[in-house]
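Reviewing the structure listed below.
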Amino acid sequence: MKKLLIFTIIIFSVLSFSNPNINKPWNYSFNPALVDYGTRNLIDIGVSGDVNFIQPFINFGDLFKDEIIIDFNDIYDNLGEEPLPINLNADVSAFGKIHLWFLSYAKIVDLKTNTKVALPNDLMKLLSYGNVENGVIVDLNGEGFLNSNIIFTDTNYLSFVSKNSIFGLSFSNFLPIAIIRSNVDFNQTSNIENATLKINYNLNGDVYSSLKSLNTLILNDYDDYDNHDSEIDEDILNSLGENAGLKMSFGYINKSNRWGISINDIVIKNAEMKYTYTLSATGNILVDNMNIETDQGTPTLEMLDESSSRVFPEVPLDLPMNISAFYTFNFLFDITPHLQYYFGKGLDWGINFDGNLLFIPFWLDISNKIDYWTLNTGFGINIHIIDINASVESASQEFGNILNFKNLAFKLNIGIGI
């Protein structure tokens, strides 16, 4: 029995240690020298999608229930006097990579969206306790906001491999598609005689962009969009050459001792956001004898300024330079403490466990993201010519709640090659 246990541990350790892929929730952007690692030895192409929806309404476990119950009273009670924050981060990317002897090159294009919404406190009060206070019907109103950064990035990675070292370098052109800063106003009125409740909302703000064709790009009239697709393509290509920002990163990995360091997101040139648009939308919801009618006004986006002097990043915290480091050791599987310090912002740190059981890679990462905790876990299928990895993530301000998976976060990676 003892010999069998020792043999099992040895085999499992070998399988885990021989995992050629670094299956971690952080990727090349953590350290550009990581581009040399991968499943295949010659050519890699693939796509990746990542969605992280942080909100209090539903969690990952609700997806497997027959019905979903949302406790608005509990949500409102935990707000105090503050608005309800909702964050949506979405990322889609495509990559191609080639290995030639001591050299690896990769091209990655990425579209990243970071959206923050604050719903008015009185709106949540209406949804939870209604609009009756001490037997009297009151009209409620409040303010919130909707801010979003939509950034397109085109990155070239290059790594050089020696006997015991890997040196990585990356140059990224980043183009602000839309930087949205807007306010949301809400008010509610009641008519007792007609037994109606009306909720009005208005959204007003500004959108800053490097694209002159932004209003055409987001048109709902797809026939018109088809007529302007060549104009949009030309605008994007011209903007990448003229208005895009430039940043670089460089990193080092010691292959023998399995540690690495890097300096990331050194901004060489700010992106120019020459075009300013005004964004507006109005609408209302009418509740009439328990019947709900909605009137959603079409959002309007109008050019306000074609020669704005705005840039991105406007302040260093918009795109902070950072330093990363990791060290990997093996005990049954790979264990990797890692950290990333963002100048002016703070320290991310965590620990990652990953391995490879035959053709099934797996991992678990626990990290502190400055002001909240995350738990990322997943597995995949790797048969060399193709590999698929999927993961889920939980986030919480308190460490003890990261196992609750209160948010919805998924990531999927697909790669093929030889």
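Pairs meeting the criteria (first residue in region 270-298 and over 30 Å from Pro316 (Cα atoms) and outside any strand (DSSP E or B), second residue modelled with pLDDT of 75 or more and not aromatic (Phe, Trp, Tyr), beta carbons under 9 Å, at least 6 apart or on different chains) are Asn289/Thr196; Gly297/Ser280; Gly297/Ala281; Gly297/Thr282; Gly297/Gly283; Gly297/Asn284; Thr298/Ala281.
Across region 149-176, the qualifying residues are those that are of a type in the set (Val, Ile, Thr) and in contact with a helix residue (DSSP H, G or I) (Cβ under 7 Å, 6 or more places away or on another chain), and the one among them that is farthest from Trp259 (Cα to Cα) is Val161. The set of residues from region 315-327 being surrounded by fewer than 17 Cβ atoms within 10 Å (Cβ to Cβ) and among the aromatic types (Phe, Trp, Tyr) comprises just one member, Tyr327. For Val267, the conditions (1) at pLDDT 95 or above; (2) assigned to a loop (DSSP other than H, G, I, E, B); (3) not polar (S, T, N, Q) all hold with the exception of (2). Is it the case that region 181-196 has a residue that's under 28 Å from the mean Cα position of the chain (by Cα), crowded, with 21+ Cβ neighbours inside 10 Å and hydroxyl-bearing (Ser, Thr, Tyr)? Looking through region 181-196, none of the residues is under 28 Å from the mean Cα position of the chain (by Cα), crowded, with 21+ Cβ neighbours inside 10 Å and hydroxyl-bearing (Ser, Thr, Tyr). Whether a residue is exposed (fewer than 14 other Cβ atoms within 10 Å of the Cβ), modelled with pLDDT under 90 and in contact with a strand residue (DSSP E or B) (Cβ under 7 Å, 6 or more places away or on another chain) was assessed, and Asp295 passes this test. Contact annotation: residue pairs with Cβ atoms under 8 Å, 6 or more positions apart or on different chains, pairing a residue in region 20-37 that is modelled with pLDDT of 75 or more with a partner that is assigned to a loop (DSSP other than H, G, I, E, B) and charged (D, E, K, R), are Phe30/Lys24. Restricting attention to region 58-105, the residues being over 30 Å from Asp154 (Cα atoms), out of contact with any Phe, Trp or Tyr (no Cβ under 9 Å at 6 or more places or on another chain) and surrounded by 13 or more Cβ atoms within 10 Å (Cβ to Cβ) number 4. Flag set for Asn270, criterion: over 30 Å from Ile199 (Cα atoms), within 25 Å of the chain's Cα centre (by Cα) and surrounded by 14 or more Cβ atoms within 10 Å (Cβ to Cβ).
Let's see how each residue does on (1) part of a strand (DSSP E or B); (2) without any contact (Cβ under 8 Å) to a residue 40 or more places away in the chain; (3) in contact with a helix residue (DSSP H, G or I) (Cβ under 7 Å, 6 or more places away or on another chain):
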{"position": "Pro320", "(1), (2), (3)": "no, no, no"}
{"position": "Ala325", "(1), (2), (3)": "yes, no, no"}
{"position": "Leu339", "(1), (2), (3)": "yes, yes, no"}
{"position": "Asp348", "(1), (2), (3)": "yes, yes, no"}
{"position": "Gly355", "(1), (2), (3)": "yes, no, yes"}
{"position": "Phe362", "(1), (2), (3)": "yes, no, no"}
{"position": "Lys411", "(1), (2), (3)": "yes, no, no"}
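Per-residue answers, yes or no, for (1) at pLDDT below 85; (2) more than 30 Å from Ala178 (Cβ to Cβ); (3) surrounded by 17 or more Cβ atoms within 10 Å (Cβ to Cβ):
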position	(1), (2), (3)
Leu304	no, no, no
Pro313	no, no, yes
Phe329	no, yes, no
Leu332	yes, yes, no
Asp348	no, no, yes
Leu364	no, yes, yes
Lys369	no, no, no
Leu408	yes, no, yes
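When Phe57, Phe53 are screened for being in a strand (DSSP E or B), among the hydrophobic types (A, V, I, L, M, F, W, C) and modelled with pLDDT under 90, only Phe53 passes.
Taking the criterion of being touching a residue at least 24 places away in the same chain (Cβ under 8 Å), under 24 Å from Ile43 (Cβ atoms) and either part of a strand (DSSP E or B) or of a type in the set (Lys, Arg) (or both), the residues of region 364-394 that qualify are Gly380, Asn382, Ile386, Asp387, Ile388, Asn389.
Filtered by the rule that a residue be surrounded by 16 or more Cβ atoms within 10 Å (Cβ to Cβ), over 21 Å from the mean Cα position of the chain (by Cα) and not in a helix (DSSP H, G or I), region 107-130 gives a lone residue, Pro120. Apart from one condition, Val311 fits all of (1) touching a residue at least 24 places away in the same chain (Cβ under 8 Å); (2) over 28 Å from the mean Cα position of the chain (by Cα); (3) part of a strand (DSSP E or B); the exception is (2).
The values are calculated or read from the model by the stated rules, or taken from the named source; none is laboratory data. Computed from a prediction, not measured in an experiment: that's the story for all the values here. Glycine gets a Cβ as well: all are built from the backbone with ideal geometry, and neighbour counts include every protein chain shown.
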